[in-house]
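Notes to accompany the following structure.
Laboratory data are not the source of any read-out in this text; all were calculated from the coordinates shown. Computed from a prediction, not measured in an experiment: that's the story for all the values here. Here Cβ is always computed from backbone atoms with ideal geometry, including for glycine, and neighbour counts include all displayed protein chains.
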Amino acid sequence: MDVIEAGPAYAAVLARLHAGAFPGDPWDERSFATLLGQPGVVCFVDERGGFLLLRTVLDEAEILTIGVTAPRQGIGGALMRQAIRAAGWQGVRTIHLEVAADNAAARALYASLGFTQTGFRKAYYPDGGDALTLCLKLIG
């Protein structure tokens with residue numbers, strides 16, 4: 001179960017993975033190439049079918065997106081743990097993310113990792129779905 005770091009050369013692969021994870025709102029290859037070219041943005045890919053984009057600015061980080069195309073295989077957890085480790089190595093003290101309020105599986109994963117709710121965004125997603133903002137405080 002290998003999680004690797006993926007740079008701009010992976011943009012096409014990431015676009016395909018994103019389309020599989022989010023068929024209603026896929027990001028294209030150009031979007032990934034642009035994001036991965038920005039300072040502080042790193043991507044992790046799990047070869048079983050998942051990816052995570054993390055942006056770090058000073059001592060804070062944000063999970064920009066995480067997608068899994070093969071659910072219930074521990075992929076999301078592996079990606080999140082790798083992102084948390086990487087953020088810690090970079091001196092990050094707080095990690096932020098947003099999750100669909102009705103995504104019980106993702107919310108359970110984030111809670112198991114220590115994330116807590118910090119906010120609510122009504123009708124945040126294109127389909128009108130609400131989002132929760134979550135935060136994880138890192139020690140050290």
TODO: Could you tell me whether residue 111 is without any contact (Cβ under 8 Å) to a residue 12 or more places away in the chain and surrounded by 12 or more Cβ atoms within 10 Å (Cβ to Cβ)?
DONE: yes
Task: Given (1) out of contact with any strand residue (DSSP E or B) (no Cβ under 6 Å at 6 or more places or on another chain); (2) buried (at least 16 other Cβ atoms within 10 Å of the Cβ); (3) not in a strand (DSSP E or B), index of the condition residue 26 fails - done: (2)
- [ ] Quick one: which residue in 64, 134, 109 is in a strand (DSSP E or B) and more than 18 Å from residue 5 (Cα to Cα)?
- [x] 134
Open item on the list: Any residue in segment 43-63 that is at negative phi sitting within a Cβ distance under 6 Å of a residue that is surrounded by 16 or more Cβ atoms within 10 Å (Cβ to Cβ) and basic (Lys, Arg)? List the pairs, counting only those 6 or more apart or interchain.
Closed with: 62/55
Task: Out of 99, 68, 42, 13, sole residue that is farther than 24 Å from residue 124 by Cα and buried (at least 18 other Cβ atoms within 10 Å of the Cβ) - done: 42
TODO: Go through (1) hydrophobic (A, V, I, L, M, F, W, C); (2) under 14 Å from residue 5 (Cβ atoms); (3) in a loop (DSSP other than H, G, I, E, B) one by one and return the number of the condition residue 92 breaks.
DONE: (2)
